[in-house]
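Structure record follows, encoded as structure tokens.
The values are calculated or read from the model by the stated rules, or taken from the named source; none is laboratory data. Keep in mind that this is a model prediction, so the values were computed, not measured. Heads up, the Cβs are rebuilt from the backbone with ideal geometry, glycines too, and the neighbour counts pull from every protein chain shown. The protein model used for the area step is the full one, side chains on, heavy atoms only, and it has no ligands, DNA or RNA in it. Shrake-Rupley method; radii C 1.70, N 1.55, O 1.52, S 1.80 Å.
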Amino acid sequence: TTTLQVTDDEGDAHSISFLRPIEVFVYVRVEYSLYTEESFPLDGEDLIAAAITGKGNADQAGVDILPDRFIGTAFSATQGMSTVSISVFTSNSAILDPNAQLYSSASVVIDNTQTASYDASRMIFNRV
């Protein structure tokens with residue numbers, strides 16, 4: 001809890017307390033297959049990473065992580081994919097090796113004192 005003193009319009013001091021959400025770092029694995037009738041762009045994985053990061057970081061504190069909700073995000077970000085699956089891993093550390101984690105497609109509970117944090121550096125892509 002953080003407590004600050006603030007002064008109102010009449011000069012009276014008031015204590016204001018609040019909680020800053022705890023960051024939960026989200027690692028994302030995207031597995032996809034190509035659709036041969038369309039071209040997958042050279043920067044396709046970057047486009048998907050940017051879209052997932054944008055959507056995930058737009059969530060407020062306390063919003064659970066539902067990996068399947070990012071499937072549409074991935075398809076909307078680019079063309080040339082036939083299938084997409086999304087799985088995640090969460091940690092209190094932003095510097096883990098994304099390749100060495102145990103990912104799951106199950107929902108992850110984020111409580112009201114936490115916020116999920118997404119970054120392209122914590123995403124891996126596997127073409128299957």
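Tabulated values for the structure
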read-out: For S105, distant residues with modelled amide H under 5 Å away; value: V88
read-out: Stretchable slack from L42 to D111, in nm (0.36 nm times residue separation minus alpha-carbon distance); value: 21.1 nm
read-out: Virtual paramagnetic centre 7 Å along Cα→Cβ of Q60, amide N under 18 Å, in the stretch 1-17; value: none
read-out: Percent of beta bridges antiparallel (DSSP, the chain, rounded to nearest 5); value: 65 percent
read-out: For Cα extents along the principal axes in Å, calculated from these coordinates, the label among [x] 66, 44, 22; [y] 69, 30, 22; [z] 53, 29, 23; value: [y]
read-out: Values of log10 I(q)/I(0), in the order q = 0.22 Å⁻¹, for the stretch 10-65 under a Debye, Cα-only, solvent-free model; value: -0.99
read-out: Percent accessible area from carbon and sulfur atoms, the stretch 36-126, protein chains only, probe 1.4 Å; value: 48 percent
read-out: Burial ranking of peptide ranges 10-18, 83-91 (average Cβ count within 10 Å, highest at the top); value: 83-91, 10-18
